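S.K.: Below you will find the structure I want to go over with you.
The values are calculated or read from the model by the stated rules, or taken from the named source; none is laboratory data. Computed from a predicted model, the values in this text were never measured in an experiment. In this analysis, Cβ positions are derived from the backbone assuming ideal geometry, glycine residues included, and neighbour counts consider all displayed protein chains.
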Amino acid sequence: MLREIEKRQDRTRRKIVRISEQIPMVGTRAFGIVDMGTNVIELRPTSLCPLSCIFCSVNAGPRSRVRWAEYIVDPDILIEAVREVVHYKNCKRVEIHIDGMGEPGTYPYLVELVQGVREIENVQVISMQTRLVTFNERKLAELAEAGVDRFNVSVDAVDPGRARYLSGTEWYNIGRVIELVRFVVESTRSDVIFTPVWVPGINDEEMPRIIELAKSLKIGKKWPPVLIQKYVPHRHGRKVPTREMSWNEFFRRLRELEKVYNIKLVPSIEDFNIHKERSLPIVYRRGEVVKVRIVERGIFVNEYLAVPLKLSGSTVHDRVITVIASSKLEDLLIGQRVRVRIVENRNNIYIAEPLDF
Ligand code: SF4
């Protein structure tokens with residue numbers, strides 16, 4: 001599967017970058033660890049995806065025209081990074097949520113990653129966001145055995161044609177996805193919940209069908225079975241020409257569906273046991289100038305990955321920085337030491353502009 005995706009990515013002239021230990025695991029959304037200051041740690045092993053969903057907020061997959069790099073992270077580096085962050089947070093009930101700017105199922109070392117993370121003290125839950133399309137029954141049984149507690153399965157339509165259309169992929173087969181969900185629920189220790197994206201005007205009539213499917217499959221034994229996401233257009237994401245729902249309208253319609261189908265669709269944070277925990281330290285402030293080495297392409301065209309010249313060797317304190325500069329400067333920039341100014345820092349995700357070019 002990985003080789004097939006690599007071939008497809010080649011055709012779009014994207015570079016697949018293997019992330020080694022020289023690059024910090026915190027600082028970008030494209031790979032590594034994202035910390036939102038709670039007991040849930042997001043783990044992002046790869047940005048590869050075989051689908052091209054028409055609403056994809058991160059513009060992944062073969063049809064993307066705005067990405068020029070994809071990443072695969074060495075599993076040992078990720079496991080060690082998680083160990084450090086869990087230790088730093090010093091809380092008892094950590095959830096590791098494997099997701100990313102791609103489909104985690106494309107990651108070739110997924111079972112090893114789950115096994116490694118499972119052994120870390122205080123990791124209570126391992127969950128994974130997936131569309132299941134890269135898995136078969138054997139792989140799902142291995143992942144369940146390795147320690148996945150919950151698969152958050154993105155199912156956006158039950159009707160096969162509508163599901164194919166939303167996935168932007170001719171070969172997408174919702175029937176097979178449902179078969180795999182049934183297998184997980186009936187034959188493994190893992191739970192499943194559905195996490196559809198509601199794109200108004202495109203899959204309105206599919207939401208009731210997804211709820212009914214969830215009920216008939218008896219998913220969501222420990223968690224609310226359906227967690228509907230609101231379609232929100234993003235800066236780099238693929239846009240659907242539709243009217244965006246306001247948050248008020250979204251929640252009102254969820255409450256209406258709750259009444260009709262006698263199901264909880266607006267979960268409380270207690271349902272998923274999410275609570276505030278110690279955040280990783282903010283290392284750079286906006287406006288701060290940092291000396292870095294540009295090491296690789298960033299995920300989107302006109303972005304580069306940069307590593308500060310001064311590193312501590314600790315995941316808790318080291319950051320990778322995304323530097324915005326023209327893709328035409330690639331040959332000149334990669335490998336260079338430059339000064340950059342931090343222009344954005346949200347949740348320890350750093351964006352900078354170069355000062356020396
Ligand atoms: S929404 Fe998920 S599965 Fe679909 S293209 Fe984006 S990353 Fe891939």
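S.K.: In the stretch 339-351, is there at least one residue being surrounded by fewer than 16 Cβ atoms within 10 Å (Cβ to Cβ), out of contact with any strand residue (DSSP E or B) (no Cβ under 7 Å at 6 or more places or on another chain) and on the phi < 0 side of the Ramachandran plot?
M.R.: yes
S.K.: Is it true that R339 is assigned to a loop (DSSP other than H, G, I, E, B) and touching a residue at least 40 places away in the same chain (Cβ under 8 Å)?
M.R.: Answer is no for this residue.
S.K.: Follow-up. Do any strands (runs of 3 or more DSSP E) entirely within the stretch 56-139 hold 2 or more residues that are of a type in the set (S, T, N, Q), in the same structural domain as P196 (by TED's automatic domain parsing) and more than 15 Å from the ligand (Cβ to nearest atom), and if so, which?
M.R.: 123-130
S.K.: Is it the case that the stretch 228-241 has a residue that's touching a helix residue (DSSP H, G or I) at 6+ places or on another chain (Cβ under 7 Å) and at pLDDT 95 or above?
M.R.: Scanning the stretch 228-241, I find at least one residue that is touching a helix residue (DSSP H, G or I) at 6+ places or on another chain (Cβ under 7 Å) and at pLDDT 95 or above, so the answer is yes.
S.K.: Determine, yes or no, whether E179 is surrounded by fewer than 17 Cβ atoms within 10 Å (Cβ to Cβ), touching an Asp or Glu at 6+ places or on another chain (Cβ under 9 Å) and assigned to a helix (DSSP H, G or I).
M.R.: So E179 fits the description; yes.
S.K.: Return the total of residues in the stretch 200-218 being farther than 30 Å from R243 by Cβ and assigned to a loop (DSSP other than H, G, I, E, B).
M.R.: So the answer is 1.
S.K.: Suppose we keep only residues that are over 21 Å from R14 (Cβ atoms) and among the hydroxyl-bearing types (S, T, Y) within the stretch 302-338. Which one would you say is surrounded by the most Cβ atoms within 10 Å (Cβ to Cβ)?
M.R.: The extreme case among them is T315.
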